[in-house]
1. Put a dot 7 Å past each Cα toward the Cβ at THR340 and ALA165; how far apart are the dots in nm?
2. I want to verify a result. In a Gaussian network model of the chain, Cα cutoff 10 Å, which of these has the top mean-square fluctuation: LYS359, LYS346, LYS193?
3. Please work out the FRET efficiency for the pair LEU310 and ARG403, using the Cβ-Cβ distance as r and a Förster radius of 30 Å; give the result to the nearest 0.05.
4. Relative to the first principal axis of the alpha-carbon coordinates of the chain, what is the inclination of helix 49-61, with its axis defined by its Cα atoms, in degrees from 0 to 90 and to the nearest 10?
5. Below 8 Å, C-alpha to C-alpha, sequence gap of six or more: please give me the relative contact order for the stretch 149-204 in percent.
6. Provide the per residue accessible area, probe 1.4 Å, for the chain, rounded to a whole number of square angstrom.
7. Given the rule -39500 (n - 2.57) for each run of at least 4 DSSP H residues, summed and divided by the residues of the chain, what is its mean residue ellipticity at 222 nm, to the nearest 500 deg cm²/dmol?
8. First compute the accessible area of the stretch 153-226 with a 1.4 Å probe, then give the percent of it belonging to carbon and sulfur atoms.
Amino acid sequence: MDQDALRERKLQDLVSVGVLAADVSRDVIDEVVAEYGRQARRSDGKLPPHVVVYLLMGLALFRGEDYEEVAARMIEPLARLGACRSGDPVPTASAITQARKRLGPQVMREVFRRTAVPVADLLTVGAHLGSLRLVSFDGTTLDMPDTPSNAGAYGYPGSAGERSAFPQLRLLTLIEDGPRAPLAAEIAPCHGKGSGERTLLAGLLDYLEEGMLATADAGLFGFDLWCRAAQTGAELLWRVGAGPELPRVKDLGDGSYLALIYAPSVTTAARARLLQAARAGAEPDPERARLVRVVEYEVEDRGDTTDRELFCLLTTLTDPAAHPAPLLAHTYAERWEHETANKILKELLDPVGRMLRSKSPELVEQEVFGLLLTQYTLAALMCRAASEAGLDPDRLSPTRTLRIVRRRIADPAAVSP
């Protein structure tokens with residue numbers, strides 16, 4: 001075993017349920033519970049709302065176990081953390097289901113929203129381009145039990161003759177690329193009005209902020225979405241397909257160039273006038289057109305020389321001296337960390353291909369945000385460990401980290417002070 005692997009193992013041995021729970025503040029949970037009026041009805045309730053939140057994280061950690069087994073693993077560690085009472089009997093599956101229903105989906109969504117803040121610092125390897133924090137948007141899908149209520153709320157993807165076997169939801173997330181930590185998420189059915197990724201993206205743009213560099217794939221590009229994203233103060237690096245017209249305004253000398261993108265309502269004649277004015281140095285009307293920098297390149301190891309895929313990127317970073325085109329192409333490749341994050345969510349937290357547990361739409365939404373909250377805490381742990389060792393977080397194995405957490409979750413010595 002090489003030195004990096006040995007160091008990684010030592011770092012991951014520090015992971016514990018106490019640290020995991022510490023990333024989800026009891027104070028935040030209590031504040032959200034109070035705001036939504038979900039407090040326990042009796043002071044002696046055996047499953048108060050904050051315990052249900054932690055149990056939902058446990059259900060994400062132990063995907064192959066039933067409710068009672070997960071509760072049995074979690075109750076004593078939570079009691080040692082002061083989250084519940086030691087010696088209480090393990091709650092039944094029915095009691096946990098009823099407690100989940102009382103909690104509802106909004107609490108879990110809001111706890112995630114308040115918890116999921118960027119975790120990388122400026123010393124975290126692979127998390128920044130200069131001072132810009134790397135974040136990205138991407139989508140995936142999740143299956144759920146085939147119940148009438150789930151089917152009615154989410155439906156089945158595919159045509160009527162060849163529909164999927166199970167109802168399915170679409171999930172779009174914003175993640176911090178370095179640590180692969182989810183920062184925001186939206187869910188919707190996989191078909192019908194409002195189910196497309198661009199619609200979901202509109203609900204995530206407000207989570208961008210100045211100091212971020214956001215990447216997105218071609219399917220998410222749209223003039224209005226680009227404008228809204230740019231107005232947040234974040235820098236953008238988005239791939240586009242063959243659709244947008246990109247008339248050249250000025251060559252920048254490094255293979256990239258300035259171009260205009262237009263609002264869909266702008267006529268052909270008006271586009272010609274806007275282009276002529278831009279080439280003369282005038283700033284375009286931002287409601288009708290935007291000046292962008294275009295970076296085009298081919299990936300050498302994809303196909304032969306006559307059939308390589310062309311990547312076309314649009315960016316708000318217009319200075320080639322500060323951000324050369326090859327550097328931006330390399331930075332866009334970091335977006336694939338999002339693919340790994342999706343894989344962690346679907347396969348690591350669900351290693352044998354099981355679907356979501358929940359049999360009603362409200363509990364499906366609750367479960368998804370429980371999964372995301374658990375994914376976030378694991379990513380935060382790995383990021384802290386990697387930063388301490390001067391490693392890129394992607395050098396640490398999510399599988400090993402999860403094994404450590406599962407193995408030590410009932411270990412009294414693993415509870416952090």
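1. 3.1 nm
2. The residue that fluctuates most here is LYS193.
3. FRET efficiency, LEU310 to ARG403: 0.15.
4. With both axes taken from Cα atoms, the answer is about 70 degrees.
5. 31 percent
6. Values: 18950 Å² over 417 residues.
Here the residues of the chain average 45 Å² of exposed surface.
7. Calculated mean residue ellipticity at 222 nm is -12500 deg cm²/dmol.
8. 46 percent
The values are calculated or read from the model by the stated rules, or taken from the named source; none is laboratory data. Source: prediction; values computed, not measured. A quick note on method: Cβ atoms are made from the backbone with ideal geometry, for glycine too, and the neighbour counts reach across all protein chains shown. Surface accessibility is based on the protein's heavy atoms, side chains included, excluding ligands, DNA and RNA. Shrake-Rupley method; radii C 1.70, N 1.55, O 1.52, S 1.80 Å.
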